[in-house]
Amino acid sequence: MMKLIVADDSRLIRGIIDKAVASIGFKAIQADNGKEALSLLNANKKDVSLVLLDWNMPFLNGIDVLKNMRSDERLKDIPVLMISTESEDNRIKEALNIGAQGYLTKPFTPEKLIEAIELILNSSKSQKTTS
Amino acid sequence: MKKILGINCSSKVEKVLADLIGEKGQMEYEPFHDRMVLEGYQMVVLEMGRKEEQTVQQIRKLRYACNFQNIPIVLIHGRKKYFSSQPYMIAGATEVLSIHDPSAACRQIINGHLIPSREPLAEEFEYLEPFIKNTCHILQTMASIDVKFKEVYFSNAIRIFGDVSGIMGLSGNADGTLVVTFFWDLAKMVVAKMMGMEEENVDAELIHDGVSEFINMISGSTKREFVGKPYHFEISLPSVVVGPGHQIGHLQDTSVAVLIFQVGVHCFALHVCIKPKEHRVNT
């Protein structure tokens, strides 16, 4: 089973994501803050295909987790999908510029989430094939 | 003519009310029962019973029956000895009056509560409409629930009569608070639908979390629509308050718009208190 990490301080959102990604064969490893997400990422870096990050979280926010990942040789190639209520264009651009592969705003349907995940994974596969 | 409902009123109290209200209102009387319908009434007057706990329970049930509408609940009594009105106010009473109080003062208080809430100004609708649209959209998207916007009124009262509220503090170009408040049953139903699970499996923690996430989504999706406007705000992490009759302080000297939404027979309310830093909206 493929693995992804979902970091969101809302148990409800983690539950919704868990259910949605299970339907496409993913096991979601859950973190309720950015700090926990980073330690889970370090422990599972070889098995994780994708990271889903909320923006506003306690201890370490999603954008700081993303910055940490992109500056770490061991984590920099793991794709990230930001999932946030922060929906202004400048926020989306900021996350994409730092290195997120996709950005999904809340509220979302499970279908939209799966679509966004598949888009990132397909694009990541084709990049690997090209290189 | 304003409709006023007198509940559990003795003939002595009925006489006092006839004198206080006169031709300003049309009194109707009913004994208390568990399925009171308060829609269409501008005020409820309940005569205090002998047992405090029973009266408190009746006020709570009446407050639920108000469905977040701005209906004053006036508790009237004939006691001569001092007692604390606090348990009744916490339960949801708006005012506690004695039949022995000077009638001119009582008349003034009752007339004050009968003044209708004002309509929103066009300027206020400018910031309220995105909240209405996004609140409906979020529940439709995340829980497939059809929500109808019912009404809006302005209140400076800080008491909120839901069982669970999600609060978002606003900063940036505009200060304020956004509060969404639910009665427990509707909160449970919404969370169950969002999670795609049976209501019996929804625990209290999940309800707190769901209400918190709901106010987070309302705030986040609406702030986007205020980019470049005085109402643009930044959000932080939401908080949750639980318990009937809880109190939440909004900004002083700022209108609090109470937006009521309907889901089937249930209602929930969104309090919007927002003040642009360079532009104050007065009541």
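Would you mind ranking B:I21, B:I90 so that the residue whose beta carbon has the fewest other beta carbons within 10 Å leads the list?
With the sparsest Cβ surroundings first, the list reads B:I90, B:I21.
If amide hydrogens are placed 1.01 Å from N in the peptide plane, which non-local residues have theirs closer than 5 Å to the one on B:V256?
The list, which skips near neighbours in sequence, is B:S155.
With unit charges on the beta carbons (Lys and Arg positive, Asp and Glu negative) and the dipole taken about the Cα centre of region B:122-276, which residue among B:Q252, B:I167, B:M217 sits farthest to the positive side?
It is B:Q252, whose Cα lies furthest towards the positive end.
Which of the pairs A:K19/B:K193; A:K67/A:K106; B:K223/B:K275; A:K45/A:K93; B:K24/B:K275; A:K67/B:K229 have their Cα atoms more than 24 Å apart in this structure?
A:K45/A:K93; B:K24/B:K275; A:K67/B:K229
Pop out the ³J(HN,Hα) list for region A:68-75 in order, Karplus 6.51 cos²θ - 1.76 cosθ + 1.60 with θ = phi - 60°, rounded to Hz; leave Gly and Pro as x.
4, 5, 6, 9, 10, 3, 7, 10
Could you name the aspartates and glutamates in cross-link range of B:K80, using Cα to Cα under 18 Å and dropping any fewer than eight places away on the same chain?
Qualifying aspartates and glutamates at Cα under 18 Å: B:E47, B:E52, B:E95, B:D101.
What shape does the protein assembly as shown take by its C-alpha gyration tensor, where a ≥ b ≥ c are the square roots of the eigenvalues and a/c under 1.5 counts as rounded, a/b above b/c as prolate, and the rest as oblate?
Because a/c hits 1.5 or more and a/b exceeds b/c, the protein assembly as shown counts as prolate.
How many percent of DSSP beta bridges within the protein assembly as shown run antiparallel, rounded to 5?
50
With a Förster radius of 35 Å, plug the Cβ-Cβ distance of B:A104 and B:W184 into 1/(1 + (r/R0)^6) and report the FRET value to the nearest 0.05.
0.25
Percent of alpha carbon pairs in chain B separated by more than 28 Å?
Every Cα pair in chain B considered, those over 28 Å come to 41 percent.
Can you compute the helix-only [θ] at 222 nm over chain B? Use -39500 (n - 2.57) per DSSP H run of at least 4 residues, normalise by all residues, nearest 500 deg cm²/dmol.
The per-residue figure over chain B is -11000 deg cm²/dmol.
Rounded to two decimals, what is the ratio between the C-alpha radius of gyration of region A:2-130 and 2.2 N^0.38 Å?
In units of the globular-protein estimate, region A:2-130 measures up at 0.94.
Taking 35 Å as R0, compute the FRET efficiency from the Cβ-Cβ separation of B:Q252 and B:K133 and round it to 0.05.
According to the calculation, E is roughly 0.75.
Using the Karplus equation 6.51 cos²θ - 1.76 cosθ + 1.60 (θ = phi - 60°), what ³J(HN,Hα) coupling, rounded to whole Hz, does each residue of region B:167-174 give in order, writing x for Gly and Pro?
Result, rounded to whole Hz: 10, 10, x, 10, 9, x, 5, 10.
Using a cut-off of under 19 Å, list every residue of region A:35-59 whose amide N is near the label point 7 Å from the Cα of A:E73 along the Cα-to-beta-carbon line.
A:42-47
At 7 Å along the Cα-to-beta-carbon direction for both A:K125 and B:R159, put a label point, then send me their distance in nm to one decimal.
So the two model labels end up 6.1 nm from each other.
What is the gain in length, in nm to one decimal, between B:K51 and B:K229 on full extension, counting 0.36 nm per residue of separation less the C-alpha to C-alpha distance?
58.7 nm
Counting pairs of Cα atoms in region B:27-155, how many percent are more than 20 Å apart?
Tail of P(r) above 20 Å: 56 percent of Cα pairs.
Using a 10 Å cut-off around each Cβ of peptide A:12-22, what is the average number of partner chain Cβ atoms that fall inside?
4
I'd like to know which of A:L52, A:L12, A:S84 lies farthest towards the positive end of the charge dipole of region A:2-130, counting +1 on Cβ of Lys and Arg and -1 on Cβ of Asp and Glu.
Highest projection toward the positive end goes to A:L52.
In degrees between 0 and 90, to the nearest 10, how far off the longest principal axis of chain B does helix B:122-143 point, with axes built from Cα atoms?
On a 0 to 90 degree scale, this one is about 70.
Give, in nm to one decimal, the length gained when the segment between B:S85 and B:A18 is fully stretched (0.36 nm per residue of separation minus the Cα-Cα distance).
21.7 nm
Per-residue mean of other chain beta-carbon atoms within 10 angstrom of the beta-carbon, peptide A:43-56?
Mean inter-chain Cβ contacts per residue within 10 Å come to 1.
Provide a whole-number value for the mean count of partner chain Cβ atoms within 10 Å of the Cβ atoms in peptide B:201-213.
Mean number of neighbouring Cβ atoms from other chains: 3.
We did not get these values from a lab; they are worked out from the coordinates using the rules stated. A quick note: this is a predicted structure, and the numbers were derived from the prediction, not measured. Glycine gets a Cβ as well: all are built from the backbone with ideal geometry, and neighbour counts include every protein chain shown.
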